[in-house]
Each structure stands twice: as structure tokens, then as C-alpha cells.
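Throughout, read-outs are computed from the coordinates displayed, never taken from laboratory work. Model, not experiment: these values are computed from the prediction. In this analysis, Cβ positions are derived from the backbone assuming ideal geometry, glycine residues included, and neighbour counts consider all displayed protein chains.
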Amino acid sequence: MKADSAPLPTILVLASGSGTNLQALIDASRERGFPGEIIAVGCNTPGAFALERAAQANIKTFVVNHKSYGSREEFDGALMAEIRRLNPDLIVLAGFMRILTGDFVRAFRGQMLNVHPSLLPAYTGLNTHQRVLDAGDSKHGVSIHFVTEELDGGPVIAQAEVTVAKGDTADSLAERVQQQEHILYPIVVRWFCEGRIQLGTDGVLFDGELMSQPMRLPSN
Ligand code: GAR
């Protein structure tokens, strides 16, 4: 078989909300030569617009509603069963707003990416834009990282900076951070599918070399 007809790495996207990052990934994956295929989109929230975006793109969807389970472990078990059935090479968390158990995260070590709206390790958790404003920071941004058991604490692969402007609100900052997310996430997913990034024991390997710091998109 010719190398260019080998099956592409498969991607499963998990989302909870509007799915603008999912849309950026769908659009990128439609470009000629994109090295991966989005095979399914899973949501924990039945009405999420991300499901609509996936359906529009003819991508299979599934819902595992966290409200139907009595514990985090049961929910994660049900989600894991769905994912195992689809057996993707990569799981992309794109605004997936559930904290995952250690068992779940360990099961997919090195195969799961997350987008977080801050320059990690600063501002893990929620409400990052308001917290940046409250602290009077001049720089904000987005990080893409491998998911490990530490919440928003896995090794960072790439970041894009956003300059905080006078008069910024949490909403205006969120909008500019999201613009960067939509550029950066497809780039990182592409690297993963090309086999360029891996989670090593000491951090991220890029082309087989341990990265000393995250890749950075130019400031804007
Ligand atoms: C994104 O801005 C992402 O950074 C954030 O949720 C948003 C989802 O938007 N993720 C987190 O806060 C994870 N802790 P989207 O549904 O339009 O892609």
C-alpha cells in the first residue's frame, strides 16, 4: 500500500457548549492534506450547540449526560465505554467542562489534549478572564496541554499571548483569547496527528526532543 493511502489518525472531540473550537477543528480537518480525521463528537450536555455543528458536518455524535449518573466515577465509566468503542487515536477536549477522574485520565495518557484560556501555569480553573483583569495583568492568552491527573496542570505544548487592553472586559478578553484558540488548537492537533508531539516522562517531546518551554504564537 502506498504511504499516502494509509488510514489517518482518528480524533474524537469532547465538548460541552457552543463548540467554536470544535468548529475550528472541523474546518481545519476539511483542508486538503490535514493529517487526521474527526470520527466523533461527544457531549455531556444534551442541548449543546457543538452537537449541531457536528451533525452539520456529518460527524457522528453521542451524549453521555453527567446528570444521569450518581457519581463522577460512573459518568467517567460510561464515557470511557463510548470512547473505547470508537477507539480514537486522539481525544481533544474542546470546552469540555467536566473534571475527569484519575482512572479516566490515566487510561488515555498521552492521547488527550485540552485547551485552557490562560497562560498556564497561571490561572488554572474557571473565570480566567476576570481573574486576569482583577490582577491587573498586561498579558493573557491560551494554552494547549496534554491532560494529566493534575487539573489544567499537564505539560503545555503551545501558547498564544493576548495583550490586555485598557477598557477590556471579561467578554472582550474572552473573544480575543478564543480567536487565538481557534488558530492554535488546529496547529497542535495537526502536530499530534503527524506524530511530532508526544507526552514523555519528563514533559512534551517535539520531534523526539524534550521541549524546554511551550511553543509560542507571536504576540498580538
Ligand atoms: C473555550 O474558550 C475554552 O478555552 C474554555 O471553554 C471555551 C469553550 O468554547 N475551556 C475551559 O475553560 C476549560 N477549563 P467553545 O465551546 O466555543 O469551544
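In a solvent-free Debye calculation with one equal scatterer on each Cα, what is log10 I(q)/I(0) for the stretch 124-188 at q = 0.21, 0.25, 0.29 Å⁻¹, listed in the order of the q values?
Here the Debye-derived log intensity ratios amount to -0.89, -1.12, -1.27.
Tally Lys/Arg at +1 and Asp/Glu at -1 over every other residue whose Cβ is under 10 Å from the Cβ of ILE11; what's the total?
Once all neighbours under 10 Å are counted, the net charge is -2.
Counting only other residues whose beta carbon sits under 14 Å from that of VAL164, what net charge do I get with K and R as +1, D and E as -1?
Net of charged neighbours comes to -2.
Go ahead and run the numbers for FRET between ASN65 and ASP27, Cβ-Cβ distance against an R0 of 22 Å, rounding to 0.05.
That gives a FRET efficiency of 0.20.
Using alpha carbon coordinates only, what is the Rg to Rh ratio of the chain, with Rh defined as the Kirkwood radius?
With Rh from the inverse mean 1/r over Cα pairs, Rg/Rh is 0.96.
Provide Rg over Rh for the stretch 72-119; use the alpha carbon set for both Rg and the Kirkwood Rh (inverse mean inverse pair distance).
0.96
Counting residues in the stretch 17-83 as N, plug N into 2.2 N^0.38 Å and put the Cα Rg over that result.
Expressed relative to 2.2 N^0.38 Å, the Cα Rg reads 1.22.
For every helix of n ≥ 4 consecutive DSSP H residues, a contribution of -39,500 (n - 2.57) applies; sum these over the chain, divide by its total residues, and give [θ] at 222 nm rounded to the nearest 500 deg cm²/dmol.
-10000 deg cm²/dmol
Over the stretch 69-198, with a single point scatterer placed on each C-alpha, what log10 of the ratio I(q)/I(0) does the Debye formula yield at q = 0.10, 0.12, 0.22 1/Å?
Debye curve over Cα of the stretch 69-198, log10 I(q)/I(0) at q = 0.10, 0.12, 0.22 Å⁻¹: -0.35, -0.50, -1.26.
Counting Lys and Arg as +1 and Asp and Glu as -1, each charge on the Cβ, what is the dipole of the stretch 81-220 about the Cα centre in debye, to the nearest 20?
180 debye
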